[in-house]
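One structure is given below, encoded as structure tokens.
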Amino acid sequence: MSSRIRNIAVGLVVRDGWVLAEEHAVIPGHHRFVRAIGGGIEFGERAEEALRREFREELGVQLSSVELLAVTENLFQLAGEPGHEIVHVFAVRCPELEQLPFGAARPVLDNDSVARWYRLSELAEGNPPFYPDGVTAFAMKLQNREG
């Protein structure tokens, strides 16, 4: 990992007490975890543009609506290496993803991971850990707002 701060944009698709997240393969020296869907913001790109691009690249979908929820920091260790991110957290709507059955997985197109639904109640208990830090609370607020 680099000693630079990385700017990222992630989106939360929440439905009926579940959130869609990317399930990463286990990394040697690190525990199993899931991550909000999204990725890095490129130079000259706005956070919302980056989020829309990441959903196109990773899942092949267009987002119908995007709402910025918060900008937060994520300080972490990954396989013993420090990481630091500035995270733009968005609520997103995507009919195609919202129709994905709860037991189904959708392959991520630009790596070997998958996106699938996770129960918010289990993520709130850290089973599995949901990153970046703080996104579980934002997903719970979205659920309360919609439900």
Matching entry among Glu23, Glu45, Glu58 (being farther than 17 Å from Gly134 by Cβ, acidic (Asp, Glu), surrounded by fewer than 18 Cβ atoms within 10 Å (Cβ to Cβ) and modelled with pLDDT of 95 or more): Glu45
Looking only at the stretch 29-49, decide whether some residue is within 16 Å of Leu97 (Cβ to Cβ), basic (Lys, Arg) and touching a residue at least 24 places away in the same chain (Cβ under 8 Å). yes
Identify the residue in the stretch 61-80 that is among the small types (Gly, Ala, Ser) and either within 13 Å of Val135 (Cα to Cα) or assigned to a strand (DSSP E or B) (or both) and, among all such residues, is most open to solvent (accessible area, probe 1.4 Å). Ser65
Number of positions in the stretch 1-51 that are in contact with a Lys or Arg (Cβ under 7 Å, 6 or more places away or on another chain) and either assigned to a helix (DSSP H, G or I) or charged (D, E, K, R) (or both): 2
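One line per residue, one yes/no per condition, for (1) assigned to a strand (DSSP E or B); (2) in contact (Cβ under 8 Å) with a residue 40 or more places away in the chain; (3) surrounded by 18 or more Cβ atoms within 10 Å (Cβ to Cβ):
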site	(1), (2), (3)
Pro82	yes, yes, no
Glu85	yes, yes, yes
Leu97	no, yes, yes
Phe102	no, yes, no
Leu109	no, yes, no
Asp112	no, yes, no
Ala115	yes, yes, yes
Tyr118	yes, yes, yes
Asn127	no, no, no
Exactly one condition in (1) part of a strand (DSSP E or B); (2) over 14 Å from Gly38 (Cα atoms); (3) open to solvent by less than 80 Å² (accessible area, probe 1.4 Å); (4) among the aliphatic types (A, V, I, L, M) is false for Val89; which is it? (2)
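The values are calculated or read from the model by the stated rules, or taken from the named source; none is laboratory data. Bear in mind that the values here come from a model prediction, so they are computed numbers and not experimental data. Don't worry about glycine lacking a Cβ; one is built from the backbone with ideal geometry, like all the others, and counts go over all protein chains shown. Each accessible area value is taken on the protein alone, full model and side chains, heavy atoms only, with ligands, DNA and RNA left out. Shrake-Rupley method; radii C 1.70, N 1.55, O 1.52, S 1.80 Å.
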